[in-house]
Structure formats: C-alpha cells, structure tokens
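**Q** My structure is below; once you've seen it, I'll send some questions.
The values are calculated or read from the model by the stated rules, or taken from the named source; none is laboratory data. Bear in mind that the values here come from a model prediction, so they are computed numbers and not experimental data. In this analysis, Cβ positions are derived from the backbone assuming ideal geometry, glycine residues included, and neighbour counts consider all displayed protein chains. What goes into the accessible areas is simple: the full protein's heavy atoms, side chains included, and nothing from ligands, DNA or RNA. Shrake-Rupley method; radii C 1.70, N 1.55, O 1.52, S 1.80 Å.
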Amino acid sequence: MASILQIENLTKSFGERVLFEDITLHIDEGEKVALVAANGIGKSTLLRIVAGREDYQAGKITFRRDLRVAILDQNPLFKAGRTVLEACLDAHTEASEAVRGYERALATGEGLEAAMAAMDAAAAWDFEQQAKEVLTQLSLTDFTQPVEQLSGGQAKRLALAQVLVAKADLMILDEPTNHLDLKMIEWLEDHLAAARCTLLMVTHDRYFLDRIATRIVELDDKRLYAYRGNYGDYLEKRQERIDLINAAAEKTRNLYRRELEWIRRTPSARTGKAKYRIDAFEQLSEERRTQLKEQQVEIGIESSRLGTKVFEMHNLTKRYEKKCLLNDFSYTFTKGEKLGIVGDNGIGKSTFVKMLLGEVAPDSGRIEVGQTIRFGYYAQQGLQFKEEDRVIDVVKRISEEITLADGGRVSASQLLTRFLFSPAAQYDFVAKLSGGERRRLYLCTVLIANPNFLILDEPTNDLDIQTLNVLEEYLRTFGGCVIVISHDRYFMDRIADHLFVMEGEGRIKDFPGNYTQYRLWRKEQEEAEAEARAERERAAQKQTNTTPAKPQRSYADRLSFKERRELEALEEELPQLEERKKGLEEQLSSGALAVDALTKISTEITALIEEIEEKTLRWMELSEKN
C-alpha cells in the first residue's frame with residue numbers, strides 16, 4: 001500500500017522535559033493506527049503536531065501530495081453564531097464548500113448556474129442529508145441550535161460529526177468515544193470498520209481498539225514501538241518484547257558478575273589486563289540496568305467499615321417537565337454489591353446517582369442511608385482544580401496522612417508517588433497537567449477519604465489503559481459497594497456483577513450480568529421478536545391464501561361521491577404537474593437562461609415538487625380507503 005504519512009526523527013520537548021526523541025512512524029493508506037501511552041507522555045501532543053497545530057524541535061513530517069486531513073480535538077472550538085448544521089458543514093471539503101455556495105446563490109440570486117455545476121462536480125446533492133444522518137446518530141437532532149448553547153459533551157459529538165462528514169483522507173481522532181453512550185460507540189465502530197479510511201487515533205476504549213485498530217503504536221520512554229494487529233495482539237506481542245528485554249538484561253547481569261569477579265581478582269595488576277575487556281566491562285555496567293519495569297499506579301487504599309444496613313430506595317419518582325426519569329422505583333443495596341448503570345445519553349443516569357447522594361431531591365418516595373456509609377463520588381465533570389495550586393497542595397488540603405489497605409500509613413507525597421506523580425511533578429502547578437493527569441489526581445482525591453460506597457460517573461474518560469487496569473483490580477477487590485456509570489464496555493464487564501438498564505419513561509431493568517452478557521441477551525430478544533413477527537406475517541399470508549376471495553370492489557365503491565370526484569381529478573392533475581416539472585427542469589439545464597430566469601424557475605420547481613408530494617399523498621390516501 002502507498003504511504004500517506006511519514007514521520008522521521010521527530011523530537012519534541014517542553015523546556016528540559018523531553019516527550020519523545022528521534023521517533024519515526026510511517027502510515028499507509030487504509031491503515032487504522034492507534035497510539036497508546038501513559039497519561040502525560042505526549043499522545044495528544046503528537047497528534048497535534050501531525051495535524052500541524054503544534055511545532056517541534058527536530059525531525060520531518062511528510063504527507064502525500066493533496067492529502068486531506070481532519071482532526072478531532074479533545075476540546076473543540078466552533079465559530080460563534082453558527083448553527084449545529086452549519087458548524088458540521090464547516091469542514092473545508094469540496095462538497096461542503098459546494099453546499100454553502102449553492103445556499104448563498106439561492107439566497108442572493110447570483111451565481112446559481114455556477115453553484116449548481118459545483119454541486120454536480122462535488123457530488124454534493126446528498127451531502128447535507130448525510131450530515132444530518134450523522135448528527136442524528138450522535139443525538140444532535142436540533143440542527144438550528146446555536147453552537148454556543150451546546151454542552152461540552154454535545155460539542156465533542158459535533159466535532160466528531162464534522163470530522164466524519166468531511167471524509168478526509170486521514171482522520172486524526174483524540175479519544176473519539178468520550179461523551180458517547182454505548183449505542184453511539186457501537187454505531188461509530190460499525191461506521192469506521194466499514195469505511196475505507198485511514199485513521200490515526202488515541203483511545204482508552206479497549207473493545208474499540210480490538211475491533212478497529214490494524215496496528216498499535218506504543219509511546220514509551222520517549223520512543224515508539226509498533227505492533228501489527230489489534231489490542232489483543234498488542235498485549236501478547238508487547239509482553240514478548242518485555243520478556244526478551246528482561247531476559248537479555250538478566251543475561252547481561254550474569255555476565256557482569258563474572259567480569260566483576262575477574263576485575264577484582266588482581267586489582268593491582270589492572271593496567272596489565274586486556275584493555276578491550278575492561279572497556280567491555282564498563283559497557284556491561286551500564287547495560288545491566290536496562291531491565292524493563294512498568295510504572296503503574298498503586299492504589300491499595302483502605303475502605304471504611306461497612307455496616308449491615310447499606311442503602312434503601314423506596315418508591316422513588318422523578319420527572320423533569322414532561323420527561324419521566326424514575327417511576328415508583330424501589331431497591332435495596334447489599335454489602336459488596338457492584339452495580340453498573342447503562343442507558344442513552346440524557347436518559348437520567350447522572351441525575352439518578354445525584355439523588356442517591358442527596359444532591360437532587362426526588363418528587364416522591366424516600367431514601368434511607370446506613371449510618372456507616374461514607375460516599376466517594378467521582379463526578380463526570382471532574383474536580384475544578386485551581387490552576388495556580390501545586391499538585392501536593394491539592395492532596396494536603398484533604399489529608400496529610402492516608403491509611404492503606406494493609407494498615408500502613410503514607411504521607412500525601414508518598415501517596416502521590418503511588419499515583420505516578422514524581423517528587424518533582426508534585427510541585428508542578430495544576431495548570432501544567434494533561435487531561436489524563438488531572439483525572440488521575442482527581443481519582444486520588446476521591447479515594448484518600450477511605451470511602452466504603454464508591455459512585456463513579458464516567459471514571460474512564462481520559463485515563464490511560466495502564467491506570468484503568470489497576471483501577472479495575474482495585475474495584476474488583478473493594479470491600480464496599482460500587483456504582484459505575486461508564487461507556488467503557490471492557491471496564492463495565494470487569495466491574496459490574498449486575499446492571500440497571502435505564503430504558504426511558506421511568507423504566508429500569510435490573511439485569512443479572514455484565515454488559516456483554518446483556519448485549520447477547522438483548523440480541524437474542526430482538527431475534528426472537530423478529531422471528532415472531534415473521535411467523536405472524538406467514539400465518540396471515542397463509543390465511544389470505546386459503547380464504548375464498550371476496551368479490552373485488554373498485555376504490556370508487558368505497559368512497560363518498562365527493563371523494564370519488566376528488567380522486568378522479570387527482571388522477572388527471574398529477575401527470576400534468578409531472579409534465580410541467582419535466583419541462584422546467586429542461587429549461588433549467590439548457591444553459592441559455594439569464595440569472596433572474598434561473599432563480600425564478602428554480603423557485604417554481606421547488607413549489608411544484610411540494611405540490612406533487614402533497615397531492616400524491618392525498619391520492620394514496622383516497623386509493624387505499626376502504
């Protein structure tokens with residue numbers, strides 16, 4: 001396959017901090033490449049460099065000539081005064097430019113003929129409809145809504161729609177599944193899997209990686225390591241690389257011990273020893289430290305004692321205007337329960353947990369909380385840190401000393417080290433932290449209060465895969481209760497032992513299993529329902545075939561006199577209207593009309609189409625009437 005992007009000997013640093021050095025990466029047409037790394041290593045920075053939005057110290061980036069590139073930022077910005085649809089069409093592609101030009105021509109009456117030719121050349125007549133379909137799939141159905149009114153999640157989905165509609169040669173996606181519900185993620189997977197496109201993406205969604213990625217590139221220790229295949233292949237091949245490095249390091253250490261013994265044997269005669277062997281020994285002394293050890297978050301924080309009574313909800317009802325979130329809902333939590341909550345965006349998942357926390361009052365019903373309950377709430381929007389604070393001060397304000405699960409105690413600084421904040425990084429300002437580092441710090445502040453009932457609302461957003469793996473292990477052995485709202489299916493599968501499925505209209509289904517089990521069950525239900533419908537249709541058809549045919553009556557016999565005359569008139573009028581429309585279209589495409597005439601005929605054709613559609617619907621209604 002032809003190469004469309006070549007990165008050669010690229011180096012990027014911020015002051016003395018080097019993110020990556022002398023890295024090389026080639027991407028071929030049609031590849032779907034995923035970039036993985038720990039938070040703060042430089043994933044998003046590398047994407048912005050490739051997209052031309054950030055500079056670098058050394059190296060070379062070469063694109064195929066005329067390559068169209070679109071990027072999805074983590075924090076997208078839109079021009080003020082644009083509607084959702086206008087912003088979606090703002091991607092600078094030939095089709096979107098043609099649509100905007102055509103709309104301007106219709107509005108001003110100038111350049112209509114040229115605008116129509118541009119629409120033909122760009123195959124853009126269906127472009128606007130395609131944009132609306134993508135926006136609808138991402139739950140952005142108010143196309144005239146000003147972009148200034150969008151929430152952060154809606155803005156991220158609009159930016160994703162903009163990238164997908166642009167149909168660029170290379171799509172650069174930074175955490176594309178953030179702010180998508182499970183249904184949207186599955187749609188996006190299907191869309192990207194079927195698309196003939198080239199991707200460079202960063203995502204922590206392991207199921208998404210498994211299904212979409214054809215190659216995974218890991219940024220580690222300022223270098224890149226490429227692995228052909230999906231996420232499962234990456235895990236296997238990465239472990240092989242680590243094992244090889246560690247085996248070589250062990251062999252080097254054994255050789256070092258033998259050489260060290262040789263060097264020490266007659267130290268006074270060192271000058272007489274072979275110089276090459278002494279030089280080799282000094283090289284071994286450096287290489288023996290190369291064993292690869294992964295830096296991982298260490299949580300190990302103790303949870304408070306949990307009493308017999310945990311949490312009870314009795315007949316809860318909650319409405320917002322005409323929307324019902326809960327309807328007479330009751331449930332009793334038991335000790336050690338791990339619950340996942342799933343449902344479409346906007347259905348009320350976050351409001352539900354805020355009711356449990358007492359932040360939102362139900363319209364009716366009551367909530368009883370056990371006396372020993374100590375909540376730990378990880379909110380979707382995260383903690384609003386003060387940018388001028390230092391990392392260590394954020395933790396010290398909560399506690400100077402923290403109790404661990406093994407009974408030991410650590411200082412705030414020691415705890416931050418366990419959360420991968422080096423002693424130097426602990427005195428950095430919060431403003432310098434990446435999105436993932438902020439999330440990791442927020443998680444630290446939630447857990448240091450030793451909660452025994454954790455409520456985690458989208459905890460996986462912006463966390464790296466290594467941190468997610470550690471958090472999963474911590475939650476699996478957590479002695480208290482856990483409620484998780486997450487679009488990360490892998491995370492949900494590992495944590496939840498049952499699900500609350502919010503179905504809408506106040507209905508909540510308690511499903512006894514994880515998300516994958518629920519999806520399989522739902523698929524079986526849908527297939528069973530489809531088979532039942534097909535069976536009913538076959539039975540109805542069989543009944544029709546075996547029942548003696550009744551004498552056929554004309555449509556006119558089923559209509560009133562007035563309706564019969566209306567039907568006859570429509571049958572004469574519709575062909576005349578179609579003929580008139582055909583004649584106008586021939587004039588429009590003749591190329592001999594002035595601008596004023598073109599505008600007039602275009603307007604008349606639009607009115608004719610609406611009239612034909614309206615009268616055709618009436619004709620169908622009268623024709624089918626019994």
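**Q** Tell me yes or no: at least one residue of the stretch 576-585 is closer than 19 Å to Ala117 by Cα, of a type in the set (Asp, Glu), at pLDDT below 80 and exposed (fewer than 11 other Cβ atoms within 10 Å of the Cβ).
**A** Among the residues of the stretch 576-585, not one is closer than 19 Å to Ala117 by Cα, of a type in the set (Asp, Glu), at pLDDT below 80 and exposed (fewer than 11 other Cβ atoms within 10 Å of the Cβ), which makes the answer no.
**Q** Spot the failing condition for Glu368; the list is (1) charged (D, E, K, R); (2) in a strand (DSSP E or B); (3) at pLDDT below 85, and only one is missed.
**A** (3)
**Q** Can you name the number of the only condition in (1) acidic (Asp, Glu); (2) in contact with a Phe, Trp or Tyr (Cβ under 8 Å, 6 or more places away or on another chain); (3) touching a residue at least 60 places away in the same chain (Cβ under 8 Å) that Asp406 fails?
**A** Answer for Asp406: the failing condition is (2).
**Q** Condition first: crowded, with 20+ Cβ neighbours inside 10 Å and part of a loop (DSSP other than H, G, I, E, B). Now tell me which residues in the stretch 91-130 satisfy that.
**A** Those that are crowded, with 20+ Cβ neighbours inside 10 Å and part of a loop (DSSP other than H, G, I, E, B): Ala91, Ala124.
**Q** Scan the stretch 417-428 and tell me whether some residue there is part of a helix (DSSP H, G or I), within 26 Å of Gly348 (Cα to Cα), touching a residue at least 12 places away in the same chain (Cβ under 8 Å) and out of contact with any helix residue (DSSP H, G or I) (no Cβ under 8 Å at 6 or more places or on another chain).
**A** no
**Q** Conditions first: (1) over 12 Å from the mean Cα position of the chain (by Cα); (2) part of a helix (DSSP H, G or I). Thr144 passes all but one, so which condition is the exception?
**A** Every condition holds for Thr144 apart from (2).
**Q** Is there a residue in the stretch 399-409 that is within 19 Å of Leu454 (Cα to Cα), within 28 Å of the chain's Cα centre (by Cα) and outside any loop (DSSP other than H, G, I, E, B)?
**A** no
**Q** Starting from residues that are open to solvent by less than 40 Å² (accessible area, probe 1.4 Å) and under 23 Å from the mean Cα position of the chain (by Cα), keep the ones in the stretch 231-244 and report whichever is farthest from Glu8 (Cα to Cα).
**A** Gly232
**Q** If you don't mind, another one. For the stretch 25-49, how many residues meet the condition of being farther than 23 Å from Leu441 by Cβ, assigned to a loop (DSSP other than H, G, I, E, B) and open to solvent by less than 60 Å² (accessible area, probe 1.4 Å)?
**A** Residues that pass the stated criteria total 2.
**Q** Report, by residue number, each residue of the stretch 329-348 that is assigned to a strand (DSSP E or B), touching a residue at least 40 places away in the same chain (Cβ under 8 Å) and open to solvent by 30 Å² or more (accessible area, probe 1.4 Å).
**A** Tyr331, the sole residue that qualifies.
**Q** So Asp205 ticks every box in (1) in contact with an Asp or Glu (Cβ under 9 Å, 6 or more places away or on another chain); (2) surrounded by fewer than 21 Cβ atoms within 10 Å (Cβ to Cβ); (3) acidic (Asp, Glu) but one. Which box is left unticked?
**A** (2)
**Q** Working only within the stretch 8-24, note down all residues that are surrounded by fewer than 20 Cβ atoms within 10 Å (Cβ to Cβ) and either of a type in the set (A, V, I, L, M) or at negative phi (or both).
**A** Glu8, Thr11, Ser13, Phe14, Glu16, Arg17, Val18, Glu21, Thr24, listed by residue number.
**Q** Is there a residue in the stretch 541-550 that is among the β-branched types (Val, Ile, Thr), under 27 Å from Tyr490 (Cβ atoms) and modelled with pLDDT of 65 or more?
**A** There is no residue in the stretch 541-550 that is among the β-branched types (Val, Ile, Thr), under 27 Å from Tyr490 (Cβ atoms) and modelled with pLDDT of 65 or more.
**Q** Under the condition of being of a type outside the set (Gly, Ala, Ser) and more than 23 Å from Glu97 (Cα to Cα), which residue from the stretch 149-172 is surrounded by the fewest Cβ atoms within 10 Å (Cβ to Cβ)?
**A** Gln149
**Q** So, one more: For the list (1) more than 23 Å from Val446 (Cβ to Cβ); (2) touching a Gly at 6+ places or on another chain (Cβ under 9 Å), I need the number of the one condition that Pro362 fails.
**A** If we test Pro362 against (1) more than 23 Å from Val446 (Cβ to Cβ); (2) touching a Gly at 6+ places or on another chain (Cβ under 9 Å), just (2) comes out false.
**Q** Further question on the same structure: Just to be sure, is Asp457 open to solvent by 10 Å² or more (accessible area, probe 1.4 Å) and closer than 24 Å to Asp174 by Cβ?
**A** It is false that Asp457 is open to solvent by 10 Å² or more (accessible area, probe 1.4 Å) and closer than 24 Å to Asp174 by Cβ.
**Q** Suppose the filter is closer than 22 Å to Val217 by Cβ, buried (at least 19 other Cβ atoms within 10 Å of the Cβ) and in contact (Cβ under 8 Å) with a residue 12 or more places away in the chain; does Asp462 pass it?
**A** For Asp462, the condition - closer than 22 Å to Val217 by Cβ, buried (at least 19 other Cβ atoms within 10 Å of the Cβ) and in contact (Cβ under 8 Å) with a residue 12 or more places away in the chain - is met.
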